[in-house]
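Here, each number is a calculation from the coordinates, and none is a lab measurement. Please read all numbers here as calculations on a predicted model, not as lab measurements. Here Cβ is always computed from backbone atoms with ideal geometry, including for glycine, and neighbour counts include all displayed protein chains.
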Amino acid sequence: MTQLLRQPFYELSPAIYNGLIQASQALERCSLDNTFIELIYLRISQINGCAFCLDKHSRALRKAGVEQAKLDALAGWRISHHFSDKEQAALAWAESVTHIADSHAEESVYQPLLAHFSAEQVSDLTCAISLMNAFNRLAVAMRL
């Protein structure tokens, strides 16, 4: 059964939606590699069950040359050999921020970031995580 778009939020709230797009474009120019950000976006979209974003970000990662085996292992990143310590720290942070009501973004998840990222990069990463959660919530809620 195909879901119909509940409301064309991008047309009904263009100033707000365009603000999100501008934030996304700013993240493309940030201190973090775009492929790295796409990997984080894909994991967040897995957690949030956003089919639209899963398709979009998995395609972007394959186009960027990320191996399919790595994409297949993403949900199990904690026990997979495909992910570096840096990626694992970022994925843990992404999951913690995505589940913030339960996780409270604890210090034990935040501290490992500091071994791999500058303060600016931690800020950019947290903005990217927050933005993808916003996009996922719009897409899932409105059945994009």
Can you tell me the orientation of helix 34-48 relative to the chain, as the angle in degrees between its alpha-carbon axis and the longest Cα principal axis, to the nearest 10?
70
Relative contact order (%) - criterion: Cα under 8 Å, at least six apart; region: the stretch 14-142:
35
What value, in deg cm²/dmol to 500, does the helix sum -39500 (n - 2.57) over DSSP H runs of n ≥ 4 give at 222 nm once divided by the residues of the chain?
-21000 deg cm²/dmol
Around C50, what is the net charge, scoring Lys/Arg as +1 and Asp/Glu as -1 over all other residues with Cβ under 11 Å from its Cβ?
+2
Estimated inter-spin distance, R29 and D55, nm [label 7 Å along Cα→Cβ]
3.0
Between 0 and 90 degrees, rounded to the nearest ten: what's the tilt of helix 119-142 against the longest Cα principal axis of the chain?
30
Over the alpha-carbon set of the chain, divide Rg by the Kirkwood Rh and report the Rg/Rh ratio to two decimals.
0.96
Ranked highest first by average number of other Cβ atoms within 10 Å, how do 11-21, 45-55 line up?
45-55, 11-21
Alpha-carbon centroid distance for the pair the stretch 25-73 / the stretch 110-124, whole angstrom
19
Could you work out the relative contact order of the stretch 6-75? I mean the mean sequence separation of Cα pairs under 8 Å and 6+ apart, divided by the number of residues, in percent.
23
Report the local net charge at L74: Lys and Arg +1, Asp and Glu -1, summed over other residues whose C-beta lies under 12 Å from its C-beta.
-2
Neighbourhood net charge (15 Å Cβ-Cβ; Lys/Arg +1, Asp/Glu -1) for S108:
-3
Which angle from 0 to 90°, rounded to the nearest 10, does the C-alpha axis of helix 14-28 make with the longest principal axis of the chain?
30
